[in-house]
1. What are the residues in segment 282-339 that are within 27 Å of the chain's Cα centre (by Cα) and hydrophobic (A, V, I, L, M, F, W, C), if any?
2. Need pairs with beta-carbon distance below 9 Å; first residue small (Gly, Ala, Ser) and within segment 120-132, second surrounded by fewer than 11 Cβ atoms within 10 Å (Cβ to Cβ); sequence gap 6+ or separate chains.
3. Taking residue 121 and the conditions (1) part of a strand (DSSP E or B); (2) over 30 Å from residue 154 (Cβ atoms), which numbered condition does it fall short on, given that it satisfies the others?
4. Residues being surrounded by fewer than 18 Cβ atoms within 10 Å (Cβ to Cβ) and either touching a residue at least 60 places away in the same chain (Cβ under 8 Å) or of a type in the set (Ser, Thr, Tyr) (or both): count how many of those fall in segment 452-469.
5. Of the residues 279, 297, 332, 364, which single one is among the charged types (D, E, K, R) and in contact with a Phe, Trp or Tyr (Cβ under 8 Å, 6 or more places away or on another chain)?
6. Here are 467, 507: which of them is under 22 Å from residue 314 (Cα atoms) and not polar (S, T, N, Q)?
7. Out of all the residues in segment 163-187, which are surrounded by 16 or more Cβ atoms within 10 Å (Cβ to Cβ) and either under 30 Å from residue 383 (Cα atoms) or modelled with pLDDT of 95 or more (or both)?
8. Only one residue in 149, 94, 98, 41 is more than 30 Å from residue 159 (Cα to Cα), among the aliphatic types (A, V, I, L, M) and in contact with a helix residue (DSSP H, G or I) (Cβ under 9 Å, 6 or more places away or on another chain), so which one is that?
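The values are calculated or read from the model by the stated rules, or taken from the named source; none is laboratory data. This structure is a prediction, so every number in the text was calculated from the model and none was measured. We place every Cβ from the backbone using ideal geometry, glycine too, and count neighbours over all the protein chains shown.
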Amino acid sequence: MKNSLRLLLLVAVLSYLSLHKLLAQTPATGQPIATNTPLALSLPQAVEYALKNKSTLQSTRIDQQLAESRIGQIKSQGLPQLNIASTLTDNFKLQRSLVDFGAFAGPQLQGATLTNTDIANAQAGQPVTLQPAYKEAVATPPQPLAFGLQYQGNASASASQQLFNGSYLLGLKAAKVYQQLSVKQTTQSEIDVVEQVSKAYYSTLVARQRLGLLSRNVERLDTLLYQTQKTFEAGFVEKLDVQRLQVQLNNLVIEQQNAQRLIELSVALLKFQMGLDQRQPVELTDALDTAVLDAERLKQSLVAQQSNFSYQNRIEYSVLETQRDLAALDVRNQLASYLPTLNLIGAYGFIGSSNQLGTLMKFRGPGSQDAATGFANQNWFGFGNVGLQLQIPVFDGFRKKYLVQSARLTLEQVNTGFTTLQQSIDLQRTQSQTTLQNDLDVLANQKANLELATEVARVAKIKFQEGVGSNVELITAETDLRQAQTNYYSSLYDALVAKVDYDKASGTLYTK
């Protein structure tokens, strides 16, 4: 028994592990399957991949399709409406109504008087006219009477066609504007994705180049430590010099490890922003030098771009324009609710009744007769109608008045938003332009500092190896060099991010 339980437990564990492994290898819904071959990506390729596969964008495009579906719903209201209905009713207790039969009754016939002259005329073969005698009608109370039979059926087809409806006509115009709004909102989401992917891509490039530089620093310092160790063994330097270099090397190795983890995090963030499977290896093909040159060229053309800027370049402004158009159409739609509506209606069908369900279902039509009595026994009768339905709104408790007022206030609010948006765009452009200029200036300064720190570290190393420089001087130069490297790559990333922010503020980051 125990062996059986152990076997079952082992099978369950193995099944769980197999399932867990299978789930781990299953890509997320909608994601391309990960491969072992690194995916080569330039920044435009990364952006293109994200625009196709980012889940948030896919959801936004579904919203766009939903908007198109709603447009179809609005259009369908103006098409002919056709309905077919059928009912079967069991009136197990017929409704009764009081009927005053006395109102239909007249004087009661009492008889006629036959005289001897009348008898003689009759015997002679002559016609005799008798004069009837009446008495007053007897008053009777109203009597309950049930109309209809127990089983009743109805089958009909009805149709209607809208001939005039002011709200519908405006709804068609609003539907087109609403579709434009959904397209612009999708574009707005795409711009956000392009921004996120660009920043993540630059972050990964900077982190990788910084790691490469740290690796070269480690190799250089390791070589220096080895040479100093040999010099110490020869008795030309103190052990403290070796220990100081060892501490410096240890700190540099730790910094290198941290940089490696930072790259892994940056790559994971880039994959997330792209909608790429985290197990898919990637290889970034763009060079930082090209990106920096683009940023520097952009700095030189800032004045020209300022003069060519238009608020319509910003998708937010275009979205607000569409929202204004919708608000204006809503005002007209509420005013149109005061207009009458006209519909063409028609119906045709059959109605039948019987005291028995089986008899009702025989569907006896015109000309049907009972075989035994010869009497007509039709139980289904046709009916049809056609007409115009005019509805004129008269008074609804001032509901339309307040709906119109609300729509006009909404339109006024949207118009007010243009001023706020323009001021916000102006501020963003000014801030992004100033930040880009400052960051590029800082980058140039940090690059010069890095070159100077590199030269100082090189000279300090030579002096130390020649025995004319101190170990403290060498350690200080190495520390300054690492700080200059950190400052340079930090300013490099800031400049690239500032370029992305400026392009977005100018409305040139992404255009279809």
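1. Residues satisfying the conditions are 315, 319, 320, 326, 327, 328, 329, 331.
2. 120/126
3. Going through the list (1) part of a strand (DSSP E or B); (2) over 30 Å from residue 154 (Cβ atoms), residue 121 breaks only (1).
4. Of the residues in segment 452-469, 3 are surrounded by fewer than 18 Cβ atoms within 10 Å (Cβ to Cβ) and either touching a residue at least 60 places away in the same chain (Cβ under 8 Å) or of a type in the set (Ser, Thr, Tyr) (or both).
5. Values: 279 fails: in contact with a Phe, Trp or Tyr (Cβ under 8 Å, 6 or more places away or on another chain); 297 fails: in contact with a Phe, Trp or Tyr (Cβ under 8 Å, 6 or more places away or on another chain); 332 fails: in contact with a Phe, Trp or Tyr (Cβ under 8 Å, 6 or more places away or on another chain).
Answer to the selection: 364.
6. Unique residue meeting the criteria: 507.
7. 165
8. Sole residue among the options that is more than 30 Å from residue 159 (Cα to Cα), among the aliphatic types (A, V, I, L, M) and in contact with a helix residue (DSSP H, G or I) (Cβ under 9 Å, 6 or more places away or on another chain): 41.
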